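The values are calculated or read from the model by the stated rules, or taken from the named source; none is laboratory data. Remember, it's a predicted structure, so these values are computed and weren't measured experimentally. Cβ placement follows ideal geometry from the backbone for every residue including glycine, while neighbour counts extend to all protein chains displayed.
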Amino acid sequence: MCLILLSTGSASAATIRAYIQPDHAHTGQEVSYVISVQNGVIQSEPQLRLPVQVGMSTALTTRQSSVIRGGQEIVSTQFSWGVIGSEPGEFVIPPQEVLVNGEILKTNEVRFIVTESPANTPNAAEDASIPLFQIEVGKTEVYQGEVVPISASLFVPRRGVMLRRIGLIDVNKNDFAIARFPQQAEQNAQRINDIDYIVITYRSTLSALHAGDLKVGPATCELLYEVLDENTQRQMSRGLPFGVIMGGVEPRKHVVKSQEVKVKVLPLPTEGKPENFTGAVGDFSISATATPNELGVGDPLAVDITIDGSGNFEALNPPSMMPPEGWKAYPPRRYNVDGPIDPNLTPALQRRIGYSMVFVPEKVHKELPPFELSYFSPTQKKYISARTSPIALRVKPGTMATATAAVEAAAGTEPPKPPAVQQPKPQISDILMNIPAKARWLSPATANAPLTTSSRFWAIQSIPAALVILATLFTWYRRHRKEAMSGLRGELQDLWRGLEESHLADRDFLQRAAHFIHRSQPGEIQDEALRQIIHRYETQSFTGTSTPGQPLGAGERNRILSTLAPLLKRSAIFIATLAIFSFDAGAAEASPDAVYQQAREALEKGKFTQAQYLGESLTKQHPPALSSEVFTLIANARYRQEDMGRAALWYQRAQLLDPLNPEVRQNLRHLDEKLRFFSFGEKSPLAEWSLMLSKNTWVIAASAGVWIVLLALMRWILAASQSQKGGGSANALILGLLGVLVFIPSATFAAIRPAPGDRVKDVMVVTARDVNAYTSATVTSGNVVALPPGSQVRLLEKRGAWSYVEVPSEDEPVRGWIESATYTPLWPWDMMLLP
């Protein structure tokens, strides 16, 4: 028995906790069962007790550590065992007993979930050389907005397979917000069903967008690998270099697909919900500091607020001052306390963010009020409002200003005004989310409206309009005829044509008439005339007598046909009514305004993926529904999903339609400060100023200047003819100069304004991360320049998977090769739609 003695610098009571890491595994996978003891003297090793389905795989290991918190040393000891689940299911590891400080302490229960190994599933691939793929979610019962870990494990056969490249892991994101899986991965070896695998595990996080019984996955990943034959494997096992091996190597490209994981997402309760709750779900702590502690009224006070914990930090808003009276606040700046987040590393559940704020006291205060943060705790299952402690301050009323005022008053002069408070420099740390209620849809009529009207123009335009009307009528007639020949109406018409056939036997005629009645009148037949026809058919066909009934004459057949004719008309009217209602419903469903409102509501509720898909669906309609508001909405949704490249792309598209929009300009400026992307600028300031208005507007302004000059000339002529050259000539001259001042710049801007096609032709925007331009079409060649997401390039040549592009630069543009899959056209629609 091993005796472990720990000395602590704290008088705190000993604490003990047990956990399993990870708490989800598949059969045969080893996990760690850990018992952690803090501030205690351990007098004996714990004797581990496990369920029958869970076995111990490795012996006990012990690790000690100490940290300093609040000036006290906290010493902890961790006991760790390797355990394996032998069969799938959910098992409970009972409390373990540990002798600490002379008394027996018990750990908590630990739940261990074991799923079937991917190699044992019924859908496992028969080819043992194909890698397997599996995803695991940290919790299967979560709250909406709760951040939980997700892992994707790739099982590569150790023998006979050489992995060349692992593509991006793609998971269906309709119901979940899933952080991008990083490039960093964990790797270990595992044996399943007598097959050795190399297990490559990628870890990320997800949060549910709405409540309900949902499914995570399936996840997919494209792999490039090589399968070695037996001869090659034997030579490699002898240690021969791969370059001299004589054998067969089969290159393969395969997309592996994982299973689905069922997750129950609980809605956030409405009872006890604080008024300032913004959707933050997790467990957080908040603290605040302020400097300086001594200041005067009107002096700035720097406040730093730190939020520590785990949860959906994206839903956090700056904490509120309670109460805010008597303080002037400036916009806060958000930052990561531990530095920038590396997207290539596994996202951490524990984070620390900070808010840098500036407050100016407007009166004397004794303390800085506390700041409040409201969130929902999934561990405690309730809403919590955490507050910082008040910070003592000494705020003086400005004694120097008071003394100066007294001296000036005694001297009989007016005291000078106190110096203004220094405005803090703007530091944009987030995007604006102000989306207009209605979208201004882009169309050729609004983008390039005619400046003049003429009979010839309308005569020419009437030709395609007439062709469109004729094509519409022809299409409607053809569709109407096609619908008439299909479905119930078509079937009834076929039956009717069968009744009209000549030389038809009486029995066949009655059979078709009865069938016609049953198809057109489902259910019980109420009409007496129709019942008589059916009765006659049944009497002649099913009485069992060989004697035929009275034959049908031509008059009798015509009477039956006249009885059935109204049924055909009523069926046609009923089917046409259904078609009209279906058309109206479909038209209402496809209304761009309705879809835009749905996307806007989804964005306001934090359903960023749904808002993105709804907004992009408008741009994929035929014809596309395009507007600056829709582009801005999509960009905001992409930004909230941390897809910075596509966010910059959609902001740039919005700026093409509305270059003076302040929200778009500010959001692009913020992205540029974060990414420092490249963009093409205009060749001269005049060309850039000409883009402030459309070309039609400049032409109208120039024509207005011409009219003003003509009016001035007419005024001068009239004044000269009436011998009133004094004041009339002076007014005409002023009016003429005004017209010239309007005409010259307007005509100049209209002439030099770049054409829409020249502005966006062959311009692409880099949307992927970690993109470089190379000196040749291979990643092993020399590097030209790194292209941050959002950078604009001009396509010069496309050659397979690579493209030769021009990159803007301060001195002169540079050229290089980039992968074609890393960029998206700036304007993929008709260039004539651009203003």
Among (1) touching a Leu at 6+ places or on another chain (Cβ under 9 Å); (2) modelled with pLDDT of 90 or more; (3) not aromatic (Phe, Trp, Tyr), the one test that residue 304 misses: (1)
Selected residue (criterion: farthest from residue 376 (Cα to Cα)) from residues of segment 225-270 that are among the basic types (Lys, Arg) and at pLDDT 70 or above: 252
Subset of segment 23-55 (residues that are under 16 Å from residue 86 (Cα atoms) and either acidic (Asp, Glu) or in contact with a helix residue (DSSP H, G or I) (Cβ under 9 Å, 6 or more places away or on another chain) (or both)): 23, 30
Checklist (1) within 28 Å of residue 607 (Cα to Cα); (2) buried (at least 18 other Cβ atoms within 10 Å of the Cβ); (3) modelled with pLDDT of 85 or more; (4) out of contact with any Gly (no Cβ under 7 Å at 6 or more places or on another chain) applied to residue 218, failing item: (2)
Out of 686, 718, 710, sole residue that is exposed (fewer than 15 other Cβ atoms within 10 Å of the Cβ) and at pLDDT below 65: 718
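Can you go through 76, 65, 80 and tell me which one is within 30 Å of residue 193 (Cβ to Cβ), among the hydroxyl-bearing types (Ser, Thr, Tyr) and not assigned by TED's automatic domain parsing to the domain that holds residue 191?
Step by step, each of 76, 65, 80 is checked, and only 80 is within 30 Å of residue 193 (Cβ to Cβ), among the hydroxyl-bearing types (Ser, Thr, Tyr) and not assigned by TED's automatic domain parsing to the domain that holds residue 191.
How many residues does segment 374-390 hold that are outside any strand (DSSP E or B) and over 30 Å from the mean Cα position of the chain (by Cα)? Outline the logic, then answer.
Taking segment 374-390 as the starting set, the residues that turn out to be outside any strand (DSSP E or B) are 378-381, 388-390.
Of the ones still in play, those that are also over 30 Å from the mean Cα position of the chain (by Cα) are 388-390.
Of the residues in that region, 3 qualify.
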Residue count for segment 781-793, restricted to those that are outside any loop (DSSP other than H, G, I, E, B), buried (at least 17 other Cβ atoms within 10 Å of the Cβ) and of a type outside the set (A, V, I, L, M): 1
Filter result for residue 600 (within 19 Å of residue 439 (Cα to Cα), under 20 Å from the mean Cα position of the chain (by Cα) and either charged (D, E, K, R) or modelled with pLDDT under 80 (or both)): yes
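Taking residue 659 as the residue in question, decide whether it is surrounded by fewer than 20 Cβ atoms within 10 Å (Cβ to Cβ), in contact (Cβ under 8 Å) with a residue 60 or more places away in the chain and either farther than 27 Å from residue 277 by Cα or out of contact with any His (no Cβ under 8 Å at 6 or more places or on another chain) (or both). Explain how you work it out, then say what you get.
Details: surrounded by fewer than 20 Cβ atoms within 10 Å (Cβ to Cβ): yes; in contact (Cβ under 8 Å) with a residue 60 or more places away in the chain: no; either farther than 27 Å from residue 277 by Cα or out of contact with any His (no Cβ under 8 Å at 6 or more places or on another chain) (or both): yes.
Answer is no for this residue.
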Selection within segment 306-334 - under 20 Å from residue 369 (Cα atoms), small (Gly, Ala, Ser) and touching an Asp or Glu at 6+ places or on another chain (Cβ under 9 Å): 320, 326
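If a residue counts only when it is of a type in the set (Asp, Glu), in the same structural domain as residue 292 (by TED's automatic domain parsing) and without any contact (Cβ under 8 Å) to a residue 24 or more places away in the chain, which strands (runs of 3 or more DSSP E) contained entirely in segment 312-373 have at least 1 such residues? Let's see the steps before the verdict.
Numbers: elements: 327-329, 333-336, 350-361.
Result: empty, no element qualifies.
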Meets criteria (of a type in the set (S, T, N, Q) and at pLDDT below 90) for residue 803: no
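Residues are listed down the side, and each one gets a yes or a no for (1) under 18 Å from residue 565 (Cα atoms); (2) modelled with pLDDT under 70; (3) exposed (fewer than 12 other Cβ atoms within 10 Å of the Cβ); (4) not basic (Lys, Arg):
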residue: 503; (1), (2), (3), (4): no, no, yes, yes
residue: 507; (1), (2), (3), (4): no, no, no, no
residue: 517; (1), (2), (3), (4): yes, no, no, yes
residue: 530; (1), (2), (3), (4): yes, no, no, yes
residue: 549; (1), (2), (3), (4): no, yes, no, yes
